[in-house]
Amino acid sequence: MITGVPLSWYLILGAALFCVGVYGLLANRNLIIIMMSIELMLNAVVLNLVAFARFMEPARITGKAFAIIVYATAAAEAALGLALTIAIWRTEDTVTIEEIDLLQG
Amino acid sequence: MTGLGGEVIRTLLGAFAMALFPLVVVVFLIWEARKVIGRMQDRLGPTNAGTYAGPFALFQTVADGIKILTKELIIPTGADRGVFVAAPILVVTVAIAVWAVIPLGPTGLQVVDLDIGAFYVVAISALAPFSMIMAGWSSRNKYAEVGAFRAVSQIVGYEIPQVLALLIPVLLTGSLSLQDIIRAQDIAFIFVVPLAAFSFLIACVAEVGRLPFELAEADSEIVAGYFTEYSGMMFGAFYLGEFINNLTVSVIFSVLFLGGWRGPWVDQVPWLGAVWLMAKALLVFNVLVLFWAAMPRLRIDQVLAFNWKFMVPLGLVELVTVAIADKTMESLGVAQGWERSAGLLVANLVLGLAIVGVLSLVGREAKRRRSFRRPGVGAA
Amino acid sequence: MFAGQVVFLIIACLMLGAAVRVVTSRRIFHAALWLIGSFFCVAVIYMLLESPFMAGIQLFIYIGGIAVLTVIAIMVTKGGMHPDSHTLGNGWSAAIVSISLFIVMAWTITQLGFPNEPGMPVAEEGLALLGAALVDPGGYLVPFEVVSVMLMVVLIGSLYLGRER
């Protein structure tokens, strides 16, 4: 099933996905799209972990155990981040990062 | 290479047949459900009164399907066209995709025996809320949006007790493969862990949005919920998807708790397994239909409170109880056969009695507090 | 070229295309739908890596959990964003930064000489071993428990943040 796809292809795919996430993080002003970009980057990381687990490890456990813990962290991050977004939207009535200026006084 | 090609072609043909199977069965299930509900409500259900539709109007659904095909597909102004059209397709796709792992018989009568079969079922059904969100959002209609919100909060919530209950057969079997789960059921799991079966059934009813959990499409409140704006065959796709989901959860319940394809003479005639499985599934499906005919509709806050305050704690306690009881019996040397089942059944019954006791205490307390606060009302 | 490579390339293109649509889409709801598409493609990649369990987790947690949360947040904060002002003015510099980052990473990966074929056969009992390793004191018990505590904290914290005041 896996015939002929070298490890480096998976790694380059992960790198590309990560960079798309970086672009989204830098170029967007909407908090929710920024959260989505972070999810894309985390997904790229997990893709690398699973690929390494498949190619470099006999029992294929370490990579997957890492991946599962990253997943739990990602779920926590999403829940907290979106709760924060909604809380900000309640007080400031916006989710645009430039307009959130509580700390400027 | 030719062997591999033949294998691929056989798998594709099997997948095609398996995808067609629920569609064909559902056509007759819709007729059956309408008949049963008709009788429950002192009506006749579909008949041959106007036009002839086969003996007992058996092909009424086919006629309805042809009628619905000829209707105009209306896409509302301001709707998000691409998403609007994609939503009904996604509904049917997700509903059918689950059937890839359902074992209709001992060997061969299954598209693919994934070693994570039970988990695959859960993971694919996690896609289902999206069709509703897509439909509700893209319609640009208030009722549709409210329906989508209700559907998502209900389905996401009831997924938790469903997965917790599904973990119990997995725990008893030690495998996620649906074939292994069936093979482990010398005694059907409903007689071993009745509480898990109960909470799985309730969670499934909520998951497919049958009464009393029919809030996402409550027709007297929000027209038709998330598919208010759909017409013609796109409406038909939602209707079909809903019935396929009903059948699917019935089949999965039969696989997990009623022993799947197991029954007399299956060893000699493998295809008989499919008959047994469908018979069991039909039984469960009719329970859902009876709910449908007999139950009133709850309010959304009642549905959600029932989930988070009763179903989720019940699922957690049940999982922990079964795990502890099983391990204790294993350390006592009772790890096999009917003794283990009897022990687990006793543990379940004790837990069930404890829950009934706690509930009645809580209920009495709540009643007392109510009467304390409003003496005139509570005393009456 | 092997069939596996063709499949991989198709899935990779779909995935990156969907990801690019996520970060450039003008309507935020479409961005969320493209996000689901790219999550799904990652799940297919896991199937190519012969890790069906990871693919299932990807569908269950990312699509069934995180994407649902995102969509709910979008629906709740509707109107908090003008439809045509998603991007900051720095699109070009962001593109340059991310493309140069990609070039550096891709160059490093090609220089390191990773194996072309997995050296080991597929282990049959992988899932059971993984489960045992997660609750084995010599394995990953400590991170597993720490994550569970963290999830509890996050549950309470997001309830606190999200409640009506």
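The values are calculated or read from the model by the stated rules, or taken from the named source; none is laboratory data. Keep in mind that what you see is a predicted model, and the values were worked out from it rather than measured. Reconstructed Cβ throughout: ideal geometry from the backbone, glycine too, with neighbour counts over all protein chains shown. Side chains included, ligands, DNA and RNA excluded: accessible areas come from the protein's heavy atoms. Shrake-Rupley method; radii C 1.70, N 1.55, O 1.52, S 1.80 Å.
Structure data summary
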read-out: Positions within the range B:153-180 being within 29 Å of residue B:132 (Cβ to Cβ) and aliphatic (A, V, I, L, M), in sequence order; value: B:155, B:156, B:160, B:163, B:164, B:165, B:166, B:167, B:168, B:170, B:176, B:178
read-out: Tally of residues being buried (at least 16 other Cβ atoms within 10 Å of the Cβ) and either in contact (Cβ under 8 Å) with a residue 24 or more places away in the chain or more than 8 Å from every other protein chain (Cβ to nearest Cβ) (or both) across the range C:8-23; value: 6
read-out: Count of the range B:32-62 residues which are open to solvent by less than 50 Å² (accessible area, probe 1.4 Å) and assigned to a helix (DSSP H, G or I); value: 9
read-out: Spans of helices (runs of 4 or more DSSP H) in the range B:75-179 with at least 3 residues closer than 29 Å to residue C:132 by Cα and within 14 Å of chain C (Cβ to nearest Cβ); value: B:117-125, B:142-173
read-out: Residues within the range B:324-348 that are within 13 Å of residue B:192 (Cα to Cα) and either in contact with a Pro (Cβ under 8 Å, 6 or more places away or on another chain) or of a type in the set (Gly, Ala, Ser) (or both), tallied; value: 8
read-out: The range B:162-211: number of residues that are under 21 Å from residue B:113 (Cα atoms) and not β-branched (Val, Ile, Thr); value: 18
read-out: Residue count, the range B:325-369 (criterion: in contact (Cβ under 8 Å) with a residue 12 or more places away in the chain and closer than 24 Å to residue B:159 by Cα); value: 4
read-out: Residues being open to solvent by 30 Å² or more (accessible area, probe 1.4 Å) and more than 25 Å from residue B:226 (Cβ to Cβ) - total across the range B:111-167; value: 8
read-out: Selection within the range C:29-42 - of a type outside the set (Phe, Trp, Tyr), within 10 Å of chain B (Cβ to nearest Cβ) and open to solvent by less than 10 Å² (accessible area, probe 1.4 Å); value: C:32
